[in-house]
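Values in this text are rule-based calculations from the coordinates and carry no lab data. In this text, all values refer to a predicted model and were calculated from it rather than measured experimentally. Quick reminder, even Gly has a Cβ in these numbers, built from the backbone with ideal geometry, and neighbours come from all protein chains shown.
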Amino acid sequence: MPPAALVCLPTSSQSLQLTWEDPPIEGRNGIVTSYKVRYHLDEAMQPSGVEVKVSNVKSTPLHGLRRWANYSISILAATVAGDGVYSKPLICSTDEDGN
């Protein structure tokens, strides 16, 4: 099972802050060793590359993003048994310039 309660907050025009909770115990397949955050611009007309960031804690910032843009964000939990499944995408927007 994927991590639960993914929350995304814009912290600037080029940054987002993500937080989440562990997957339910019955869906973990072992002790969680890391998380992988997958994100990309959510633009149908201009597809962009997918970025993956690894984190060992249940929150992470994303920096260097496009201003005033929508991002599609998913997360998975990994254990010694391997990677779990990604969560359903969450759409999150960076702030306008000056915010």
Report, in debye and to the nearest 20, how large the dipole of segment 1-86 comes out about its Cα centre when Lys and Arg carry +1 and Asp and Glu carry -1 on their Cβ. 220 debye
Between (1) 0.98; (2) 1.00; (3) 1.38, which matches Rg/Rh (Cα atoms, Kirkwood Rh) calculated for the structure shown? (2)
Separation between Cα centres of segment 74-99 and segment 5-65, rounded to whole Å: 3 Å
Give me R66, R38 sorted ascending by neighbouring Cβ count inside 10 Å, so fewest comes first. R66, R38
Please give, to one decimal in nm, the separation of the simple spin-label points placed at E26 and V54, each 7 Å out from Cα toward the Cβ. 3.1 nm
Could you tell me which residue out of P10, I91, G27 lies farthest along the dipole of the chain toward its positive end? Charges go on the beta carbon: Lys and Arg +1, Asp and Glu -1, centred on the Cα centre. G27
In nm, to one decimal, how far is the W68 label point from the A4 one, both placed 7 Å along Cα→Cβ? 3.8 nm
